[in-house]
Amino acid sequence: MKKTLILSTALVGLAFSAQADVTVMSWGGAYGAAQSEGHLKPFTAATGIATVMVDSDNPATPIKAMVEANNVTIDVASLEYADAIRLCDEGVLEPIDASILPPGADGTPAAEDFLAGAVTECGVSTDIWATVFAYDTTKFPDGGPVTAADFFDTTKFPGKRGLKKGAKAVLEFALMADGVAPADVYATLGTPEGVDRAFAKLDSIKADIVWWEAGAQPPQLLADGEVVMSMAYNGRIFAAQVAEGKPFQIVWDGQIYENEMYAIPKGAPNMEEAKQFIAYATSTEGLRQQAQWISYGPARKSALIDPLVFNDGKTEMAAHLPTAPENMKNALESSWEFWVDRDAELNERFNAWLAAG
């Protein structure tokens, strides 16, 4: 039902924008707004090619359904790294010739300018984002949580917790909170005992969990007082802090970071324009423009030159990025290899655990 609903919503949105030359499907909320301001609007201004943004809770689901139905109405999709690899392997995505990507603003060839792993057969990174947790500082006037373990300590820090409704990132976070070093997380999660350990940790707070599915939900859950802390995407919390003045604090301990990818669904109706869009959006300037709207790290070295300032004209972004040295002390890079192989199996286990009450 969820897949059908997402697809239907996307198609309804497209009905009002049939004349658009490039239709981009992304995640909505602060992230979609950052892509609109940093990529879509400047691209249209530079090329005259019209663009439109369509929102989805996870673009991987509807674009796969479109390709399988031979009814593709999306030109570019914003995908998590593991999904971009998996869908490429499944033939859902078009290969992207890396030669279309422009050199860095300093003249560095694209192949040398992008960070390691940022360009794949079917995808080009738009940014490096992280799953973190954040809390409402007004709920803990004597000092809030500082470690991943604190998220699971409902005695010291009472109150409801927001967690993403899915296995990916949640299981890794549970293991790190249970004392597993980032370097050992996937080796541990690759064993039955490790999976049991992760779910046992989740069991310890199961009665206090409020589940969310869309990235815009955690800041709202915090703002509404439905939870005192929540797993969230770092850029969504940053937007709530800086743009809306919310009393939220990010805890970087146990963060899980990865590349977000632009990709082209197989059979996209405006293929050449889609390639032009991706080349523009992932240029030095395109990546810097997006980073002025949300605190996700650009995937090109030439785009990481300071100062990188938020669109308020005063907030320097460096310390707010997942890749800031201070934020990387106990961080985990999400393993696309692991999730391409284990996604279906672990989500089946997760859903069974969830249903068990």
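The values are calculated or read from the model by the stated rules, or taken from the named source; none is laboratory data. All of these numbers come straight from a predicted model, not from anything done at the bench. Here the Cβ positions follow ideal geometry from the backbone for every residue, glycine too, while neighbour counts run over all protein chains shown. With ligands, DNA and RNA removed, areas are computed over all heavy atoms of the protein, side chains included. Shrake-Rupley method; radii C 1.70, N 1.55, O 1.52, S 1.80 Å.
Here are the numbers for this structure:
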item	result
Neighbourhood charge, 12 Å Cβ-Cβ cut-off, centred on VAL210 and excluding it, Lys, Arg +1 and Asp, Glu -1	+1
Relative contact order (%) - criterion: Cα under 8 Å, at least six apart; region: the stretch 237-357	28
Cross-link reach list, aspartates and glutamates versus LYS329, counting only Cα pairs under 17 Å and skipping chain neighbours closer than eight places	ASP150, GLU172, ASP178, ASP184, ASP253, GLU258
Efficiency of FRET from Cβ geometry, SER204 and LYS41, R₀ 41 Å, rounded to 0.05	0.35
Using a Förster distance of 35 Å, the FRET efficiency for ALA243-LYS301 (Cβ separation, nearest 0.05)	0.80
Heavy-atom SASA rank of ASP75, ASP97 (probe 1.4 Å, accessible area, largest first)	ASP97, ASP75
Neighbour net charge for ALA268 - beta-carbon separation under 12 angstrom, K R +1, D E -1	-3
GNM top mover of TYR296, TYR186, TYR81 - the chain, alpha-carbon springs below 10 Å	TYR186
Residue with peak Gaussian network fluctuation, the chain [Cα springs, cutoff 10 Å], from ALA177, ALA69, ALA274	ALA69
Beta bridges by DSSP in the chain, antiparallel share as percent, to the nearest 5	65
Candidate residues SER125, SER36: accessible-area rank, largest first, probe 1.4 Å	SER36, SER125
Under-5 Å amide H pairs with VAL251, H placed in peptide plane, nonlocal only	PHE133, ALA134, TYR135
Calculated diffusion of the stretch 248-357, Stokes-Einstein form, Kirkwood radius summed over Cα pairs, 10 °C and 1.306 mPa s, µm²/s	94
Three-way shape call for the stretch 141-233 based on the alpha-carbon gyration tensor, with the a/c threshold at 1.5	prolate
Distance between the stretch 261-306 and the stretch 55-92 - C-alpha centres, whole angstrom	17
Peptides ranked, highest mean first, by Cβ atoms within 10 Å: ranges 228-237, 151-160	228-237, 151-160
Neighbour net charge for ALA200 - beta-carbon separation under 12 angstrom, K R +1, D E -1	-1
Accessible area, probe 1.4 Å, largest first, for residues LYS246, LYS329	LYS329, LYS246
The chain: relative contact order in percent, alpha carbon pairs under 8 Å with at least 6 residues between	27
Cα convex hull of the chain - mean projected area over all directions, nm²	17.4
Whole-number percent relative contact order across the stretch 208-247, with pairs defined as alpha carbons under 8 Å at least 6 apart	34
Centre separation in Å (Cα based) which lies between the stretch 324-340 and the stretch 216-238	21
Helix axis angle, 271-281 relative to the chain longest principal axis, alpha carbon, degrees	60
